[in-house]
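Accompanying notes for the structure given below.
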Amino acid sequence: MKLQRLKMMGFKSFADSVTIEFNAGITAIVGPNGSGKSNVVDALAWVLGAQSPRLMRLAKMEELIYAGGDGRQPLGRAEVTIEFDNADQQVALPMAEIAMSRAMTRNGDALYRLNGAQCRLVDLVDTLSEANLGKTQHVIISQGEIESLANAKGDEIRGVLEDAAQVSVLRRRLNQAERHVESVTQSLGEVAVKERELR
Ligand code: ATP
């Protein structure tokens, strides 16, 4: 599973549609200070499911939409898409390529797409988890993160190990299943009461 492409439009400093192709080997992004290098990493974090504005160096999520400048008007919408090669079927979908998009408007409307079809954020996060990717899978190592991990306490280290071992996604599915069992049990109880009433 390899990241092939990142597309940004209206995201932070990228007012126009910009596509970055990731070819084989290492890709380095170079440019003067303030030219948007870190914004590319922020775009990646966002489409991988980041929920905290702080993670993208923002005070409010809305600030990730292009705010105007150099005589250009602010935009009303930001969209980021990533495309992965899935030839190895690491994600159990019958597709050789997987595209994921996340979009947001100034009034806070969010839109998520998996291979063009509208979906929920949780669908993207689950799909990414299958490929050991995602917001908590430590695929983005920011400045100072290694130092903070070296100084982390037991619980924090356990969280990192659980993420790496995909325990978190299984725990989330277990919670969902438990909630489902609870609601079915409640419905069964209601049916039993009605049955007794009808006898
Ligand atoms: P450095 O090398 O100094 O770390 P960089 O290349 O990583 O810089 P970034 O931090 O990615 O630069 O980009 C900063 C630029 O992005 C600033 O010029 C800032 O004005 C611009 N920027 C951030 N958010 C927005 C936004 N919502 N709309 C327009 N421009 C934005």
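Structural remarks
- Once the mean of 1/r is taken over each pair of separate Cα atoms and inverted, the stretch 1-104 shows a Kirkwood hydrodynamic radius of 14.6 Å.
- In terms of Cα atoms, the Rg and Dmax of the stretch 121-199 work out to 20.3, 69 Å.
- Label reach from residue 140 (point 7 Å along Cα→C-beta): in the stretch 55-97, amide nitrogens under 15 Å belong to 55-65, 79-83.
- Computed from the alpha carbon positions, the gyration tensor of the chain leads to an equivalent ellipsoid with semi-axes of 37, 22, 19 Å, biggest first.
- Taking a sphere under 12 Å around the Cβ of residue 103 and counting the other residues whose Cβ falls inside, with K and R at +1 and D and E at -1, yields a net charge of +3.
- Total lysine pairs whose alpha carbons fall under 28 Å of each other in the chain (8 or more apart, or interchain): 13
- GNM flexibility winner over the chain from 120, 158, 106 (Cα, springs under 10 Å): 158
- Between the residues 121, 95, 22, the greatest Cα displacement towards the positive end of the dipole of the chain, with unit charges on the Cβ of Lys, Arg, Asp and Glu, is found for 121.
- At most 16 other Cβ within 10 Å, DSSP loop - chymotrypsin sites (Phe, Trp or Tyr not before Pro), the stretch 19-75: 22
- Whole-number percent relative contact order across the chain, with pairs defined as alpha carbons under 8 Å at least 6 apart: 17 percent
- Computed about its Cα centre, the charge dipole of the stretch 1-123 is approximately 360 debye, with only Lys, Arg, Asp and Glu carrying charge at their Cβ.
All of the numbers you see were taken from the coordinates with simple rules; none came from a lab. Just so we're clear, the structure is a prediction, and the values are computed from it rather than from any experiment. Note: ideal-geometry Cβ built from the backbone for every residue, glycine included; neighbour counts use all protein chains shown.
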